[in-house]
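Scroll down for the structure; my scribbles are underneath it.
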Amino acid sequence: MAIKKETIVYTCSECGYTQNRWLGRCPQCSSWNTFTETVLSSQKKTISQQDIKNNIQTKAKPVPLSTINAMEGSRLKTGSEEFDRVLGGGAMKRSVILIGGEPGIGKSTLLIQTTSFIAKSLSTSKQTATQQRIKGETSGKTLYVSGEESASQIKNRADRLKISTEKVDILCTTRLEDILDALNEQNPSFVIIDSIQTIYSAEAGIIPGTVNQLKYCSNELIGWVKERDAVMIMTAHVTKDGDIAGPKSLEHMVDTVISFERTADEVRFLRAAKNRFGSIDELGIFEMTEDGLKEIPDPSSLFITRRTGDIPAGIACTSVFEGTRAFVVEIQALTIPAKSSMTRVYSDRIDSARVSRIAAVLEKRIGIRFSDQDIYINVAGGVKLSESAIDSALAAALYSARTDMAIPQDMVILGELSLAGEIRPVSRLRQRIKSANTMGYSKIVSPKENNDAISDIVDKNTNVITINSIKDMIKTLFAK
């Protein structure tokens, strides 16, 4: 079928079938209510099914995988060690990074700081236009595309944060065609799209933010990056639940998906939900200040409360891993008699099912009752804990809160708790003990099976207490 003079067509969002009128059911894939309005550009007068099926200019041909250059070491440093850590060592060339977060959390601040640093670093390694064409590399420029803010607003933020914008070009538009023209003309090495939900193309309709617009615009921008040694970062809106707005296929199309989270204070957490070039277990920690986002290289300073007097009941410390870093965190527990026949567990930093399971083991193996108590659990600093190595510390905090007996000072508790009341070994115990020693903790309570693995790193000032069961731990901590 060919459309000669019409400027509006209807395209199936599932299979791409095109018709000059709206249909309730697609005749090609049999999907219902999938036709969306598409406005053809004035330059393109005809469109056919063959054009949609073969939407490429040259045919792709298979090549031996052994001949492909793996591009080892081809990463751009962002100027932030925390950001680089989450990305796996830096932003990989020919990759697209998607960052989502609540409004006002600091996405634009992070991006303008990153853009300024990369612009400076790229300006020190310029190449001639001939060398760029021969090697297929980019021009070394940076381009900031803003669809939400004006150029004066971005400049005002940069001046307020004392960020240099001398080497940064800015383009304020929401039209995809204008963005692609600027990309093809400047051939930048680093591109910011803020945000992808504001970009629209006449080829995919007239309303920005629709499913069809997000798929079409993202595919065009990603296709441009994959053909060049460039890096593109796109910001994304989020829903009420914190998920990235739009189709899930948007997260499949990009190489890295990063979520920006925050606690009640000024602390920001950067996590990778997907990363094709690194681990997703790393955590970047920042603090929002008057001068922008500042890195926090030592997270334990946030998660540990330094006290001059006695430790209150219900406080237990443990060492946890976030990616490749180990640091000490403080678990806080509180138990009060239930106000009704139904008891409840209030815990948003540790899974409430884990808290209920630990309380059940204590009630069964120790004989202390929790079934008539409301349980409140918190983690200082607002970090979320999910690994099993915190079980023993959580059990100690619950017992301490229930009996109103404090845990001895300078003590870190490690171990996984089984349903039988056994304390099981934990992974990477050496790094956990080193992080505890760095923070000044001289007493380590750990499973007995790990004792041989740490014999060579324990100094005379560190007292390692080994335990086999939950009963041994309670006797050790609350002997008095």
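Details
- Residue within the range 56-64 that is surrounded by 11 or more Cβ atoms within 10 Å (Cβ to Cβ), part of a loop (DSSP other than H, G, I, E, B) and either in contact with a Ser or Thr (Cβ under 8 Å, 6 or more places away or on another chain) or at pLDDT below 80 (or both) present: no
- Test: residue in the range 159-166 that is among the charged types (D, E, K, R), in contact with a strand residue (DSSP E or B) (Cβ under 6 Å, 6 or more places away or on another chain), modelled with pLDDT of 90 or more and open to solvent by 40 Å² or more (accessible area, probe 1.4 Å): no
- Tally of residues being outside any loop (DSSP other than H, G, I, E, B) and open to solvent by less than 60 Å² (accessible area, probe 1.4 Å) across the range 225-253: 13
- Members of the range 99-111 found to be over 17 Å from ASP281 (Cα atoms) and of a type outside the set (Gly, Ala, Ser), listed by number: GLU102, PRO103, ILE105, LYS107, THR109, LEU110, LEU111
- Selected residue (only one of ILE193, ILE179 is outside any helix (DSSP H, G or I) and open to solvent by less than 30 Å² (accessible area, probe 1.4 Å)): ILE193
- ASN156 without any contact (Cβ under 8 Å) to a residue 12 or more places away in the chain, open to solvent by 60 Å² or more (accessible area, probe 1.4 Å) and part of a helix (DSSP H, G or I): yes
- Test for ILE206: is it open to solvent by 30 Å² or more (accessible area, probe 1.4 Å) and among the β-branched types (Val, Ile, Thr): yes
- Restricted to strands (runs of 3 or more DSSP E) entirely inside the range 258-370, those with at least 3 residues that are in contact with a Gly (Cβ under 9 Å, 6 or more places away or on another chain) are 267-275, 283-289, 292-295, 325-337.
- Selection count where residues are open to solvent by 60 Å² or more (accessible area, probe 1.4 Å) and not basic (Lys, Arg), scope the range 275-311: 13
- Looking only at residues in the range 315-346 that are within 23 Å of VAL426 (Cα to Cα) and of a type in the set (S, T, N, Q), the one that is modelled with the lowest pLDDT is THR324.
- Listed by first and then second residue, the pairs with beta-carbon distance under 9 Å, at least 6 apart or on different chains, first residue in the range 176-189 and closer than 15 Å to GLU227 by Cα, second among the aromatic types (Phe, Trp, Tyr) and surrounded by 14 or more Cβ atoms within 10 Å (Cβ to Cβ), are LEU180/TRP224; LEU183/TRP224; ASN184/TRP224.
- Within the range 397-406, the set of residues being open to solvent by 10 Å² or more (accessible area, probe 1.4 Å) and either among the aliphatic types (A, V, I, L, M) or in contact with a strand residue (DSSP E or B) (Cβ under 7 Å, 6 or more places away or on another chain) (or both) comprises ALA401, ARG402, MET405, ALA406.
- Count - residues of the range 443-480 that are in contact with an Asp or Glu (Cβ under 9 Å, 6 or more places away or on another chain) and modelled with pLDDT of 90 or more: 3
- Flag for VAL320 being free of Cβ contacts under 8 Å to residues at least 40 places away in the same chain and hydrophobic (A, V, I, L, M, F, W, C): no
- Flag for THR324 being open to solvent by 40 Å² or more (accessible area, probe 1.4 Å), of a type in the set (Val, Ile, Thr) and under 19 Å from the mean Cα position of the chain (by Cα): yes
- Of the numbered criteria (1) more than 24 Å from LEU143 (Cα to Cα); (2) touching a residue at least 12 places away in the same chain (Cβ under 8 Å); (3) within 12 Å of the chain's Cα centre (by Cα), the one THR256 fails is (1).
Each row is one residue, and each column tells you yes or no for (1) surrounded by 22 or more Cβ atoms within 10 Å (Cβ to Cβ); (2) among the β-branched types (Val, Ile, Thr); (3) in contact (Cβ under 8 Å) with a residue 24 or more places away in the chain.
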{"site": "ALA395", "(1), (2), (3)": "yes, no, yes"}
{"site": "VAL412", "(1), (2), (3)": "yes, yes, yes"}
{"site": "VAL426", "(1), (2), (3)": "yes, yes, yes"}
{"site": "GLY440", "(1), (2), (3)": "no, no, yes"}
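- Restricted to the range 371-393, and to residues there that are in a helix (DSSP H, G or I) and open to solvent by less than 10 Å² (accessible area, probe 1.4 Å), the residue that is farthest from GLY284 (Cα to Cα) is SER392.
The values are calculated or read from the model by the stated rules, or taken from the named source; none is laboratory data. Nothing here was measured: the structure is a model prediction, and the numbers come from that model. Positions of Cβ are backbone-derived with ideal geometry, glycine not excepted, and every protein chain shown enters the neighbour counts. What goes into the accessible areas is simple: the full protein's heavy atoms, side chains included, and nothing from ligands, DNA or RNA. Shrake-Rupley method; radii C 1.70, N 1.55, O 1.52, S 1.80 Å.
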